[in-house]
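Below is one structure; the comments refer to it alone.
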Ligand SMILES: [Ca+2]
Ligand SMILES: [Ca+2]
């Protein structure tokens, strides 16, 4: 312990950097960095181990700024320690193409673990990072080889504390007894609407106790450096509970407006900037100043981190010779690549194989590959038996004291917490040794939309196993039947939405999902049985779309997905017999992957000269991109046995044929009839 | 107090009806109805006042089954009391077009207050119903005229207790001290994954205490009828806190599988059905049996409710003569119609009026109309100053003891709880005397997607004030910039997505939103300033889309929304000067309302013969419906000053003109070039 003038100077350097960067950008949030500078200084220097020269070192301590709007705190610290964030970068805060964007983005800035800003997400990511550490340690640590021992630290504000996703994640973390997780609540009584007393008067600490957390309170977070240090130390010592430290601070500490909403989301006025600098002993006329002794102090700790990594690297070398298989496995995992030959385990189907729901086909994939993809961690938001997410021999990820699993287990019981599941999976994926897959009904992936968006934005290889994908779920009715969901996630950049039509396409979906290191996937899967289709292969499926039924004399192309593909094949027969029309059928399990194919290939699927009609039993929105006409369901569904529901909405061979015939007729006079694949200009993607 | 054989018989009648209906449907959830039959019997008969012949009576007690999968409990009770749910309806449980769908839907079934099933929603709706009662009572009750005094009761299960939306709503309810709200937790230790100990071991009661709730525990919910009654009575007496009763029950009480996950979501086997009936003294070979004495008991209570309404009607008559203005206002509100002439207060703009962000234009509407639309309750999820949701004279809806508002106040401080805000607004709207409007950033409406979907499905007139609607928000960056959001909600049936281009269109958006009694609206509003456009009028705007700039010699139609409309006008000039091309411009503030116009009108906006190009600075998904080519942003945005960001992605007159010229060129050889308004067949809507 013991804090001297250099500590004080360092803390105030962080504060003035935040003041200067937000002032220069004329945008941003100085309040949180100024209030949390002391705890950040203490945490990073006294507790955290990391090497700024290698931000990817596995056993680094993880830090998450859940109140991401305070990111100048983090950028300042990354700069001071010598991460790849220069003074010029700080000066470009919130400018186009800067690596210091308005909220922390993991893929823009070295040293940022997860992308935060949307409130509650970072906190929940931290729970996922802690799960990943607990699992990775349980799998790989051996006597004498404490390879994976890091803590996860998280700062969060009142906003995060109010968000439901964080409540869900906190409840899960308490249940899971994550002793490696230490979260510090910036209790500054201010949110955007002003004093938190206008909306947020609950007893937060008591709530965390109710979740099973270890809770402490540091009452003067502005000055009590020893108290902060002691609380973090105590939190580290508690091994069977996550820790929450209520840290009462003054937002915008040092500003004339400190302690008010005025410093939350607006830069300080020029005179206030000067006043702050004078108060802290800085030259009021200079900006972006870092005293050399502060650099020295931070660089010294950075060197200690580099040495620690060095030591760890030697340990890992030794580990690889003493625990060959595990060592090789861990080394491989860190590259992001799967075991060689794993894909040979993917189930392959013949048309004679029985009809089965794609949720069961997904289960068959998990059953077949779980041994060869040991980094795959499955789970469900309390729908295990419905999502079919659990392979038979799976062990639950649970604290041993529960008697129903252990941390080396690979099956997560997320509880009815879809949003936290998604946000935790983002954290688990960000850890670097795990590929998380989590199940819920497709309709309730929407509950998780905030986190699903961040899976995409932050390039996490996360798999959403989304069963009960349409009105085909039947009796549960409109409250559970997705209509808008696929359109929503197809509109989300960097998300693969899969809706396989049979077993081979399901295997293809998993192949692409697991080998796409920077893209999350949603698997939209049926409850009802689907036949194994002639012409469907894994090789076809991985193109995202392909010709399932070719016909040189076709009058129309039917483009369809999932459960409707087989009905389209029936419709093609019906058209021939009843309308004297020839149809080709394209199966399109994933439009995003199809879009990535060559234009020639795409035109071979949806050619010029004949009209195309899409068939998917939900919103038609977006299908215009692949078809001239669209048959879908732009209304809510109905509760009833699924065949009755399909019939009600005419998703039958007759219903499809009727519309196909109308389409052929409608386009017969248009010359040239171009494929919708042909565009006047390229999209910005 | 005192419970006799008829009570027992009634409870077991509810249980056997649930057993029979789920068995006949071969689908559904018998467990919760069997476990909660005692508390339902007691609550409805001993505490609740309602008239089954008029389910719309204002002062009825409200009941919400948040664990909506247990809906056979509610259908059975509605039937027994004589609501419009016949025995035939019960027998058609979960069949197509039945009024007893798989989960309770307010608009299908008399006596269902809100649509539930998606977990956590009903609980949060109940908080909204309680807010609405507190407000309506505070506004209309006068000495001697207790017009509005009802309680809101809610049953919820473990699943609801785990959902973040319910956590948010519970925290808000505690803050708001809603003494009129009584929620009963079906503590049966079972969720779909089996024993709740696998994921849910927090201390729920302690958590609710932390939120500021009054908490009780009834340990034997299966048998302790007196205990149940005493707890509800006590809860009614607590006036300054919402009440939570932990009711420990046995799921599937009576079944051979009682107390296990086996009775949660599957009908009982045939032998178990018989066994249950024998155990309860029913003929094992008969189904759907209601003993006459049970009907008699329930009908007697129904008559008491009818008499209570009769008495209330007389009181309300008297009120209308003694408090003429208030009486007339309440009577009007119950019709769902707004005050005559209210729309004359809507702001109207001239082109000489200054450029201003549409969030400010929205504020101007609220400022102008709040007096003439007294049922409008605004609010924000902690972004009041950014969403501009508060008119100057607004009073907060707060308990008086906080000293910062009162229940008659019309401004809600929802806290950083977007999902609960939306779900509470659904409940507030369902109450019948309020039109709720709530603000957040457009990007974070996605956090509320689960509840927003139910606004649409259950026909609630709710307004989402969604500011910072695009990359135009600038510096906050990609974490806050919507790309997929409008596509998502445009794909959602029965939702109006508005993106006004200027002041008159903003007024038009509010006009349609407020007068559409059964449809929710999202107002996508800018942070950046927008000029007042020549040709924009309220009359035009309420058509959803209209020709802003006509040109008989046009080579192309530009179709655009919001902030891009003015840039399209510039692009039209640019095209003329630089490309020798003529452009017309269509402003399309709301595609759903445009879709409702006649085909002739729509074709007059987007005519045959020339190509149309859409311009909107986010996902192009769905714009193919209104254009031949689409200029949008199918990737994530960037952090920077907004004009720099627009320039980076070429949303400039030049960038638009370049693509427009390519579009004209691309389509010059296509004959006939049809408007996308022309379709081969009609969609299912
Ligand atoms: Ca705060
Ligand atoms: Ca339960």
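The values are calculated or read from the model by the stated rules, or taken from the named source; none is laboratory data. The shown structure was predicted, so the numbers you read here are calculated from the model rather than taken from an experiment. Neighbour counts run over all protein chains shown; Cβ positions are idealised from the backbone, glycine included.
Observations
- Hey, residue B:547 in a strand (DSSP E or B) and over 28 Å from residue B:456 (Cα atoms) or not: yes
- Count - residues of segment A:185-216 that are part of a loop (DSSP other than H, G, I, E, B) and more than 7 Å from chain B (Cβ to nearest Cβ): 3
- Only residues that are more than 16 Å from ligand 2 (Cβ to nearest atom) and within 27 Å of the chain's Cα centre (by Cα) were counted across segment B:30-47, and they come to 2.
- Test: residue in segment A:235-252 that is crowded, with 20+ Cβ neighbours inside 10 Å, more than 16 Å from ligand 1 (Cβ to nearest atom) and without any contact (Cβ under 8 Å) to a residue 60 or more places away in the chain: yes
- Selection of helices (runs of 4 or more DSSP H) fully inside segment B:10-118 by the criterion of at least 2 residues being modelled with pLDDT of 95 or more and closer than 26 Å to residue B:316 by Cβ returns B:71-81.
- Screening residue A:685 against (1) within 11 Å of another protein chain (Cβ to nearest Cβ); (2) modelled with pLDDT of 95 or more leaves a single unmet condition, (2).
- Candidate set from segment B:176-214 (those that are closer than 24 Å to residue B:413 by Cβ and touching a strand residue (DSSP E or B) at 6+ places or on another chain (Cβ under 7 Å)); member that is nearest to ligand 2 (Cβ to nearest atom): B:183
The rows are residues; the columns are (1) over 22 Å from the mean Cα position of the chain (by Cα); (2) surrounded by fewer than 24 Cβ atoms within 10 Å (Cβ to Cβ); (3) more than 10 Å from chain B (Cβ to nearest Cβ).
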{"residue": "A:72", "(1), (2), (3)": "yes, no, yes"}
{"residue": "A:83", "(1), (2), (3)": "yes, yes, yes"}
{"residue": "A:97", "(1), (2), (3)": "yes, yes, no"}
{"residue": "A:114", "(1), (2), (3)": "no, no, yes"}
{"residue": "A:117", "(1), (2), (3)": "no, no, no"}
{"residue": "A:123", "(1), (2), (3)": "no, no, yes"}
{"residue": "A:126", "(1), (2), (3)": "no, no, yes"}
{"residue": "A:134", "(1), (2), (3)": "no, yes, yes"}
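- Number of residues in segment A:673-685 that are closer than 20 Å to residue A:614 by Cα and in contact (Cβ under 8 Å) with a residue 60 or more places away in the chain equals 6.
- Failed item, numbered, when residue A:229 is tested on (1) within 11 Å of chain B (Cβ to nearest Cβ); (2) in contact (Cβ under 8 Å) with a residue 60 or more places away in the chain; (3) away from ligand 1 (no atom under 16 Å from the Cβ): (1)
- Listed by position, the helices (runs of 4 or more DSSP H) inside segment B:568-672 whose residues that are within 13 Å of chain A (Cβ to nearest Cβ) number at least 1 are B:591-595, B:642-648, B:653-667.
- Unmet criterion (only one of (1) buried (at least 22 other Cβ atoms within 10 Å of the Cβ); (2) more than 16 Å from ligand 2 (Cβ to nearest atom)) for residue B:155: (2)
- Conditions (1) more than 18 Å from residue B:453 (Cβ to Cβ); (2) touching a helix residue (DSSP H, G or I) at 6+ places or on another chain (Cβ under 6 Å); (3) in a loop (DSSP other than H, G, I, E, B): number failed by residue B:131: (3)
- Any chance residue B:512 is in contact with a strand residue (DSSP E or B) (Cβ under 9 Å, 6 or more places away or on another chain), at pLDDT 95 or above, farther than 16 Å from residue B:604 by Cα and within 14 Å of chain A (Cβ to nearest Cβ): no
- Within the span defined as segment A:391-398, every residue fails to be within 12 Å of chain B (Cβ to nearest Cβ) and out of contact with any strand residue (DSSP E or B) (no Cβ under 7 Å at 6 or more places or on another chain).
- Matching residues in segment A:430-443 - criterion: being closer than 19 Å to residue A:363 by Cβ and either more than 12 Å from every other protein chain (Cβ to nearest Cβ) or part of a helix (DSSP H, G or I) (or both): A:435, A:436, A:437, A:438, A:442
- With respect to (1) surrounded by fewer than 21 Cβ atoms within 10 Å (Cβ to Cβ); (2) over 22 Å from residue A:6 (Cβ atoms), the lone exception for residue A:49 is condition (2).
- Annotation: residue A:255 fulfils all but one of (1) within 16 Å of ligand 1 (Cβ to nearest atom); (2) in a loop (DSSP other than H, G, I, E, B); (3) within 31 Å of the chain's Cα centre (by Cα); the unmet one is (3).
- Residues in segment B:355-377 that are in contact (Cβ under 8 Å) with a residue 40 or more places away in the chain and assigned to a loop (DSSP other than H, G, I, E, B): B:355, B:370, B:373, B:374, B:375.
- Test: residue B:171 is within 16 Å of ligand 1 (Cβ to nearest atom) and either more than 23 Å from the chain's Cα centre (by Cα) or facing another protein chain (nearest Cβ under 8 Å) (or both): yes
- Out of A:200, A:145, A:155, A:208, one residue alone is in contact (Cβ under 8 Å) with a residue 24 or more places away in the chain and under 30 Å from residue A:319 (Cβ atoms). It is A:145.
- Residue match in segment A:159-172 (condition: part of a loop (DSSP other than H, G, I, E, B) and either within 16 Å of ligand 2 (Cβ to nearest atom) or crowded, with 24+ Cβ neighbours inside 10 Å (or both)): yes
- Among the residues making up segment A:11-41, those that are under 19 Å from residue A:192 (Cα atoms) and in contact with a strand residue (DSSP E or B) (Cβ under 8 Å, 6 or more places away or on another chain) are A:31, A:32, A:35, A:36.
Yes or no, residue by residue, for (1) part of a helix (DSSP H, G or I); (2) more than 9 Å from every other protein chain (Cβ to nearest Cβ):
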residue: B:404; (1), (2): no, no
residue: B:419; (1), (2): yes, no
residue: B:428; (1), (2): yes, yes
residue: B:455; (1), (2): yes, yes
residue: B:469; (1), (2): no, yes
residue: B:483; (1), (2): no, no
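- Among the candidates B:532, B:517, the residue that is away from chain A (no Cβ under 14 Å), at pLDDT 95 or above, out of contact with any helix residue (DSSP H, G or I) (no Cβ under 8 Å at 6 or more places or on another chain) and farther than 19 Å from residue B:650 by Cα is uniquely B:517.
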